[in-house]
1. For region A:77-94, what are the residues that are at the interface with chain C (Cβ under 10 Å from one of its Cβ atoms) and not aliphatic (A, V, I, L, M)?
2. What are the pairs, 6+ residues apart or on separate chains, where a residue within region C:90-107 that is at pLDDT 95 or above has its Cβ under 7 Å from a residue that is assigned to a strand (DSSP E or B) and charged (D, E, K, R)?
3. Residue C:174 versus (1) in contact with an Asp or Glu (Cβ under 7 Å, 6 or more places away or on another chain); (2) surrounded by fewer than 21 Cβ atoms within 10 Å (Cβ to Cβ); (3) among the basic types (Lys, Arg): which is the lone unmet condition?
4. Against the condition within 9 Å of chain A (Cβ to nearest Cβ), over 12 Å from the mean Cα position of the chain (by Cα), under 23 Å from residue C:378 (Cβ atoms) and of a type in the set (Gly, Ala, Ser), how does residue B:35 come out, does it pass?
5. Evaluate the following for residue A:14: is it within 22 Å of residue A:122 (Cα to Cα) and charged (D, E, K, R)?
6. Can you pull out the residues in region C:118-165 that are closer than 22 Å to residue C:81 by Cα, within 10 Å of another protein chain (Cβ to nearest Cβ) and in contact with a helix residue (DSSP H, G or I) (Cβ under 7 Å, 6 or more places away or on another chain)?
7. Taking the condition of being within 12 Å of residue C:222 (Cα to Cα) and either assigned to a helix (DSSP H, G or I) or free of Cβ contacts under 8 Å to residues at least 24 places away in the same chain (or both), how many residues in region C:61-89 meet it?
8. With C:238, C:219 as the choices, which residue is touching a residue at least 24 places away in the same chain (Cβ under 8 Å), away from every other protein chain (no Cβ under 14 Å) and within 26 Å of residue C:292 (Cβ to Cβ)?
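The values are calculated or read from the model by the stated rules, or taken from the named source; none is laboratory data. On a predicted model such as this, the values are computed, not experimentally measured, just so you know. Every residue, glycine among them, receives a Cβ derived from its backbone with ideal geometry; neighbour counts consider all protein chains shown.
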Amino acid sequence: MNESYINYSLSIAKDGLYCNGSKEVDLQQEGLIEKLDSIYDSQIKDYPKYYRMDGMAKLVFILGDLICARTKICDDIDGSDLAFVMLNATGSFPSDSIHNNLIMDGFERASPSNFVYTLPNVGMGEVCIKWKITGEGLFLIEDEFSANCICEIADLFLSQGKCKAIVIGWAEPTENEGNCIFLISNKGKGINLLNTEKNILKIRKNE
Amino acid sequence: MSSEEKSLLKSHIINYLNLEDVKQEEIQDAASLFGDGLGLDSIDALELIVMIEREYNVKISDPSMGKEILYSVDTIANYIFTQK
Amino acid sequence: MEIFITGRGVVSALGNNTEENLQSLLNGQTGISKGSYSDFPEKYIGAVKLSSEELSDKHSLKDVYGRTALLGLTAAKEAWGNNDPSSTCRTGVISGNSVGGMDRTEKHVIKLINTGQSGDIRPILAHPCGYSTGLISKIIPNCEYANTISTACSSGANSIMQAVKLIKCGRLDRVIAGGTDGLSNFTIKGFSSLMIFDEKRCRPFDANRAGLNLGEGAGYVLLENEKSLRESGNTPLGRMSGYGIANDSFHQTALSPNGKGAVLAMHHALDQAKLKSEEIDYINTHGTATENNDEVELRAIQSLFTEKVPDYSSTKSFTGHTLGASGAIETVYSLLAIINDCVFPSLNIKDDMNKECPALQKLVRKNVSNVLTNSFGFGGNQTTLIVSKC
C-alpha cells in the first residue's frame, strides 16, 4: 500500500480549537455545544441551518465544514473524488434521547426534524450539501476512539483508487474533548505528517 | 386572529423550527415562509403540522394540503381559525 | 480479484430462513399485514413472525436482547452455515443497522421511570448499534475484525460494500457481511411524524402510491476470496461483481430531482463490474413507494439505461422497508434471482406510475446473470451493488 499523509487536522480540545497542532481559537465554554456554537459564530456564520441541527449534526458539521473551508480541497479536486467517513461510539445519542422523551410524553406526534437527526450520518449529509461532495461516504460505530482504525480506513479508501483524498474524523457528542478530523491523501511527502497511529493520537491529544 | 395571537404563533414557529437567529418582527404576516422566505423545506412543513396540532389542537392529516395552509403566518392563522 | 458469495441468510416477514423467503417471493405471497406489530394494530407492517422470546429460544439466549441483535444472529448463522475455523484465512464481520437495541431499551426506560428499579441491565448493554455485530462475531470462529456501519437505509448495502473492499485490499479473506434492524416504537413513531406511511399495503411504482410500510429483518452473505475458497471447498453461489456509492448532496431526506447521487452510484457499480448497461438482467430497486423515491429512482435508471430499462421491481412490496437491513436482504434476493433464474415482481400495482416503462408485476423466469440493487439512505447516502453469476 502507498504511504498516505495527513494534509490537515482539526481538533476540539477543552480549551480551544486546534488546527494542525496549534491553538487557533480560544474556547472557555464548559459544554461541547456552547463551544461549537462559539466556533460557528466566529469562524463560519454562513449556514443558517446550523442552528436547527442537533448536537451530533452540529459537531460533524463544524468539523467537516472547517476542514473543507481551510484546505480548499473542493477547489483542488472534484467533489466526487472526495471520500468522507466519520466514526463515533454513541451514534445519534442526542436526538435519540430527545425523540424518546417526546414519544413517551403521550402526545401522538414526535418531532420530524429531530427524528431525521436520529441517524448519525445526516450531519455528514449537510456538509456534502454545502460543499457539493458526491464521493463515497460511511459512518461507523466503534466502542472507542482508535487511531489505528482511522489510519486503516483512510488507507483502505485511498488504496481502492476511487477517491483522491478522504476527510475522516471522530465525532462523539458525549465527549467534551477529543473530537477531531483529518484530511488524508497520498500527496504531501516531506511537507505533511505521515498517516500513522502515532501522529493521529498526537493530534487528538493536541501534543 | 389578533396581533397578539399572531405574535404567539410566530414564537411557536421560531421555537419549533429552532430559528434561533430569526426575530419575531422579521417574520411578516403575509410573506412566504418557504422557498425564498425563511428558506423552510419539506421537513419544516411537517414540523409545523406537529406544532399546529400540539399548540392549537388542529390536525392536518394530509401533508399535500400543507402547501396551501402553511404558505404564510396569515394562511396558518386563517386555517386554525376556521378549524376551531 | 473475484469476490465469491458462498453463504446467505435472511429472515424477514417472508420467512425465517432463505428457503421460506424464496417460496414467498416465487408465490407472490406478501409478508405485510395489518396489525402484525401489536403496539400499532392499525398499521400495515412487515413483522418477522417470531416473537423476541421465540428468537431468544432459538439461540438459547435469555430474552433480554433486542430484536436487531436476535434477527442478525439468525441470518448470520444461516449464512455462516457449517464453515470451519481457519488459521490461515483472516475472517471478519461487517454489519449495519440503524436502531440497535432500541426496542428493549424503550421498554426498559418506561419500566425504570414507573418502578424506579433498573432490574436486569442487559437490555441497556445491548443497546448500542455495535452490540449486534459483537454478538455475531462470537459465532464466527477466529473472527479478527469487525465493523459496524450506520448510514440509515443503506447500512446493510454499505456493509457488504465495505467487506468487498477489505477483501480486495488484502486485509481479510472471508467476511460475513450484511445488515439487520428490528421494529420498535421509536422507529414507527418517528416515521409517523414524517407522514410517510401508506394506510394500506404499499404500492411501489404505482401512480397512486402513498408511502411506505415498515418492516424488519436481517440479511447476510458470506464472501470469500479465491484463497479462502480453496481452503473451504465451498461452492460459490454468485459473485459480488461491483459496487458504487455516492452522496446525492441535495437534502437530508428527499432525493434530488435528477437523482444525481443514484446515477453516480449505479454508474460506479457498472464501471467496476465492467458491465454494459444492457448486461443487467434485473434491477432490485430501493422502491420504497414514496412519491419522491420511486419517481426519482426510475428517472435515474432511465437516464443511465438509455437503450432499454431492464426488468425492475421493488421487493419492499413483499417485506416492507426493513431500513438498515434492506440493502442486505435485497442482496440476498438478488442472489436468489440469479440462482433460480427468475425475477421477482412488485406487488399491489393497479395503475403504473410510468406506462411506457412499468415495473414488473409478475414473476418472470429467464436467464439472470447480473442483478443491480439500489439502497438509498437519508443523509444522501446512495449505494448500488451488483451480484453476478459465477
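1. Within region A:77-94, A:79, A:80, A:84, A:88, A:90, A:91, A:92, A:93 qualify.
2. These pairs meet every condition: C:90/C:144; C:91/C:144; C:91/C:174; C:92/C:144; C:97/C:181; C:98/C:181; C:99/C:181.
3. (2)
4. No: the conditions fail for residue B:35.
5. Spelling it out, it is not the case that residue A:14 is within 22 Å of residue A:122 (Cα to Cα) and charged (D, E, K, R).
6. Taking region C:118-165 as the starting set, the residues that turn out to be closer than 22 Å to residue C:81 by Cα are C:131-148, C:156-157, C:159-164.
Filter once more, so that each one left must be within 10 Å of another protein chain (Cβ to nearest Cβ): C:131, C:133-134, C:145-148, C:159, C:161-162, C:164.
Those that are closer than 22 Å to residue C:81 by Cα, within 10 Å of another protein chain (Cβ to nearest Cβ) and in contact with a helix residue (DSSP H, G or I) (Cβ under 7 Å, 6 or more places away or on another chain): C:131, C:146, C:147, C:148, C:159.
7. Pass one, region C:61-89, residues within 12 Å of residue C:222 (Cα to Cα): C:75-83.
Narrowing the set further to residues that are either assigned to a helix (DSSP H, G or I) or free of Cβ contacts under 8 Å to residues at least 24 places away in the same chain (or both) leaves C:75-80, C:82.
The qualifying residues number 7.
8. C:219
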